[in-house]
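What follows is a set of notes on a single structure, which appears directly below.
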Amino acid sequence: MGPRIQLPPEIQLAQRLAGNEQVTRDRAVRKLRKYIVARTQRAEGGFTHDELLKVWKGLFYCMWMQDKPLLQEELGRTISQLVHAFQTTEAQHLFLQTFWQTMNREWPGIDRLRLDKFYMLMRMVLHEALKALQMRGWDERQTEQLLELLTTEILHPDSEAPNGVKSHFIEIFLEELAKVGAHELTADQNLRLIGPFCTIAAQTQDSLVLHNIAQGIFEAIVEQAPLAIEELMNELEEEELSEEELSEEEEELSEEEVQERGMLSRKPPKGSVCRAQPPLDEQVGDDDDSSSTVLQFDYKAVADRLFEMASRQDTPPQNRKRLYKVIRKLQALAEGLFPEADIPEEAYQNPRGGRRVRMKKRLSGSQLQDKTGRHAKEALHSNSSPGSMRRRRRRRAGGDPPVPRERPGGHSRRGAPRRQRRPRAGAKAKMAGCQEPKAKRKRTPEGQN
C-alpha cells in the first residue's frame, strides 16, 4: 500500500464539523476557533477564498445537524462570533463574504423545518458583523467596504442570492443596526448605512426587491419617527435635569460645609455625593435598557437622497412612482406632520370591523325591503310554488292580471300536499247508480252471457 495522503486541516475540520455525534461537532468548533486565531496571527498566514468556503461548508452542516432550539441558538452564537477570531479586517470581510456565498448556494436545499435555524444564523452573523464595525469606531472606509460586500453578495441584481435570503436580509438590517448602534450613530452615519438600499431601490427591475426595500427600510423609518423624536426629547430632558440636579447639589453641599464644619461625621461631603450619585446612574441605565432603541434620521436628507436617485432618467417608472410616495411621507415628517394624525380614532379601536358592520347594515336593509308589504308573512311561511311567487311580484309591479290558483296542471312544490282533482259530472252519475263489481262484469267475453 502506498503512503496515506494527509488531508488539509480545513477539510479535516469540515468533516468533523459535519459529524453525526454532537460531542465531535462541539469539539471541532472549539478547535476551529483556536486554529483561526493561530493562523491569522502570523504575518504570512491567513485563509484563501477556497479554504474558507470549505470551512463554511462544515459549519453549515454543523448547524444542519443540530436539534433543539436552545442548542441551535447557542451554536449559532458560537459560529457567528468566529468573525472576531480573525485579526485583520480583510480576513473578517473574506469570512463574511464566504458565509453569504455559502448561504446562497445551499439555500434551495433547505427544507421548511430547518428554515428558522438558518434565519437565526443570518441574523446573528449580521449582528456580529455590525458589532465588529462598532469596535473600530464606525470607520468610514471599513463601513464602505462592508456595505459594498453586502450589496455585491445579496442586493445586487447580478448576485446569486435567492429571494428568501434577500427578503430576510432587508427585513433584519435596521433591527440589528438599531440593536448595535442606536445610541452611538448619528443621522449622517445612518444615512450612509442605508445608502445601498436607496441605490438598489432606484435601479432594480425586481418588483419584490423594490417592495421589500420600500416596506422594510423606508416605511419602517416613517413608522418609527414618533418613537425616534420622543426618544430624542427624553434625552434632552434628561441632560437638562442632570445639570439642574448637579447645580442644586453643589449649592446644598456648600451650605452644609458652612453650617456643619465642626462635625466629623458630616465633614466629607464627597461621600454623600457618591451615595446619591449611583442611584441616578442606575436610573439612567435602567431607562436606557427599558427604552426602545430607535435609529435617528434626518428625514429631509433621506428624502433628498431618494429624490436624487428616483429622478434619474434610467430609473424605471414603477420604481419612481413607488419612491415618490415615500418621499412625500419623509418630506411631511421633515415639516413636523405625522401620517398617523390623519387616521380617525375609530380606526384604532376597530380597525377591521368597519367594512363588516357596513355590510351587515346593507344586508339587513335589503332583507327588510324584500320582506315589507302585505304579503311578507306569506313569503316567509307559506308553501307556495315558485310560480306563485313570480305572480305576486308581477301583481305588485302592476304587470299581467292575476291567474286563478285552481289552474289544472299546476306544478306544486316538492313536499307540499297535492290538490284533489274534481270529479267530472258523468263520473258522479255512474258512481251513484253503479257499483264497482258490476263494472268488472262488462269486461267478460260475450259467449258467457
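The values are calculated or read from the model by the stated rules, or taken from the named source; none is laboratory data. Keep in mind the model is a prediction, meaning the values are calculated, not measured. Cβ placement follows ideal geometry from the backbone for every residue including glycine, while neighbour counts extend to all protein chains displayed. Heads up: the accessible areas ignore ligands, DNA and RNA and are worked out on the full protein's heavy atoms, side chains in. Shrake-Rupley method; radii C 1.70, N 1.55, O 1.52, S 1.80 Å.
Given (1) within 26 Å of Pro196 (Cα to Cα); (2) touching a residue at least 40 places away in the same chain (Cβ under 8 Å); (3) assigned to a helix (DSSP H, G or I), where does Cys62 come up short, assuming only one miss?
(1)
Scan the range 201-221 for residues that are open to solvent by less than 10 Å² (accessible area, probe 1.4 Å) and under 23 Å from Leu130 (Cα atoms) and report the count.
Total meeting the criteria: 7.
Go through (1) surrounded by fewer than 20 Cβ atoms within 10 Å (Cβ to Cβ); (2) free of Cβ contacts under 8 Å to residues at least 60 places away in the same chain for Lys179 and report which single condition fails.
All conditions are met except number (2).
Is it the case that some residue within the range 22-36 is surrounded by fewer than 16 Cβ atoms within 10 Å (Cβ to Cβ) and outside any helix (DSSP H, G or I)?
No: zero hits.
Check Val125 against each of (1) over 25 Å from Ser207 (Cα atoms); (2) part of a helix (DSSP H, G or I); (3) open to solvent by 20 Å² or more (accessible area, probe 1.4 Å) and name the one condition it does not meet.
Unmet condition: (3).
Could you list, in sequence order, the residues of the range 55-84 that are of a type in the set (Lys, Arg) and crowded, with 18+ Cβ neighbours inside 10 Å?
If the condition is that a residue be of a type in the set (Lys, Arg) and crowded, with 18+ Cβ neighbours inside 10 Å, then Lys57 is the only one that fits.
Within the range 137-169, which residues are surrounded by fewer than 18 Cβ atoms within 10 Å (Cβ to Cβ), among the charged types (D, E, K, R) and closer than 27 Å to Arg114 by Cβ?
Glu160
Against the condition in a loop (DSSP other than H, G, I, E, B) and open to solvent by 30 Å² or more (accessible area, probe 1.4 Å), how does Ile11 come out, does it pass?
No.
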